[in-house]
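Student: Can you read through this structure? Questions will come right after.
The values are calculated or read from the model by the stated rules, or taken from the named source; none is laboratory data. For clarity, every value in this text was computed on a predicted model and none was experimentally measured. Here the Cβ positions follow ideal geometry from the backbone for every residue, glycine too, while neighbour counts run over all protein chains shown.
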């Protein structure tokens, strides 16, 4: 079973308007609401590709109940840990020229809720996968990740990390199955560069030296790289008109996992699907309908670098 963990869930409010102007009433064309949180997104896209996933996470108030209710409507398994304060709402505005991202820090989490998360994680079994995605809410420190990874090791559960917290560097010593940094996170967390192919090669080698088994590195509109510590591949990104980049990385990771976890040797098809899916989502509000993936696949090519 694939589990996803979202410690800082959100509702994404995607607003479409004409060009934003200060000190006047800016009227919108329409607004779309999406249950969100990086692990939530991963689970939704895995479900789209017929790979069942079970969502674990922290939810609170009327907004948290909205997210859980929407997931239940989609027949997605979800085990919530509850807090009293409402889950955050993030706002993404597209005025036809620019994309504006207003991201809130999240709901304060107390000790009782953290223990509820740990209790829910005891459902993990040997052979399961846990995808840990997203930021930490107020009240949870980075060492909580270490507690989770220790529990996963005890349970025999493989871990996939898509986090940007500085503690990620230390967590690689626990030998996670996969990490998915982007080029900005690679620089901020590890002080490494993805500016050129040679930079990527040396950066991947350093990440493996630190302990990670596999790396899926996304570099925005340039595409993505994958390394298993022996070989490295590059996949380009299809050309799209950007609507919102908010969920694209989550969707790309889920698409990759939907193929790669079944057949580790099928890296090329996993990367192609990841690239096309990420581009489809970047051209949509939220996760969109995932309807253009087949068309976008025709623009994607994978090259084995070594």
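Student: Keeping to region 65-81, report how many residues are surrounded by fewer than 20 Cβ atoms within 10 Å (Cβ to Cβ), at pLDDT 95 or above, in contact with a strand residue (DSSP E or B) (Cβ under 6 Å, 6 or more places away or on another chain) and closer than 23 Å to residue 105 by Cα.
Tutor: 1
Student: Does region 184-200 contain any residue that is modelled with pLDDT of 95 or more, surrounded by 15 or more Cβ atoms within 10 Å (Cβ to Cβ) and more than 23 Å from residue 250 (Cβ to Cβ)?
Tutor: Within region 184-200, none of the residues are modelled with pLDDT of 95 or more, surrounded by 15 or more Cβ atoms within 10 Å (Cβ to Cβ) and more than 23 Å from residue 250 (Cβ to Cβ).
Student: Could you tell me how many of the residues in region 211-227 are surrounded by fewer than 16 Cβ atoms within 10 Å (Cβ to Cβ) and in contact with a helix residue (DSSP H, G or I) (Cβ under 7 Å, 6 or more places away or on another chain)?
Tutor: 1
Residue-wise test of (1) touching a residue at least 24 places away in the same chain (Cβ under 8 Å); (2) touching a strand residue (DSSP E or B) at 6+ places or on another chain (Cβ under 6 Å); (3) crowded, with 23+ Cβ neighbours inside 10 Å; (4) outside any loop (DSSP other than H, G, I, E, B).
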residue: 241; (1), (2), (3), (4): yes, no, no, no
residue: 245; (1), (2), (3), (4): yes, no, no, no
residue: 250; (1), (2), (3), (4): yes, no, yes, yes
residue: 254; (1), (2), (3), (4): yes, no, yes, yes
residue: 274; (1), (2), (3), (4): yes, no, yes, yes
residue: 280; (1), (2), (3), (4): yes, no, yes, yes
residue: 289; (1), (2), (3), (4): no, no, no, no
residue: 295; (1), (2), (3), (4): no, no, no, yes
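Student: For residue 216, all conditions in the list (1) under 26 Å from residue 282 (Cβ atoms); (2) over 17 Å from the mean Cα position of the chain (by Cα); (3) without any contact (Cβ under 8 Å) to a residue 60 or more places away in the chain; (4) not in a helix (DSSP H, G or I) hold save one; what is the number of the exception?
Tutor: (2)
Student: Return yes when residue 153 is closer than 22 Å to residue 264 by Cα, exposed (fewer than 14 other Cβ atoms within 10 Å of the Cβ) and either in contact with a strand residue (DSSP E or B) (Cβ under 9 Å, 6 or more places away or on another chain) or touching a residue at least 40 places away in the same chain (Cβ under 8 Å) (or both) and no when it is not.
Tutor: Considered against the rule, which asks whether it is closer than 22 Å to residue 264 by Cα, exposed (fewer than 14 other Cβ atoms within 10 Å of the Cβ) and either in contact with a strand residue (DSSP E or B) (Cβ under 9 Å, 6 or more places away or on another chain) or touching a residue at least 40 places away in the same chain (Cβ under 8 Å) (or both), residue 153 comes out as yes.
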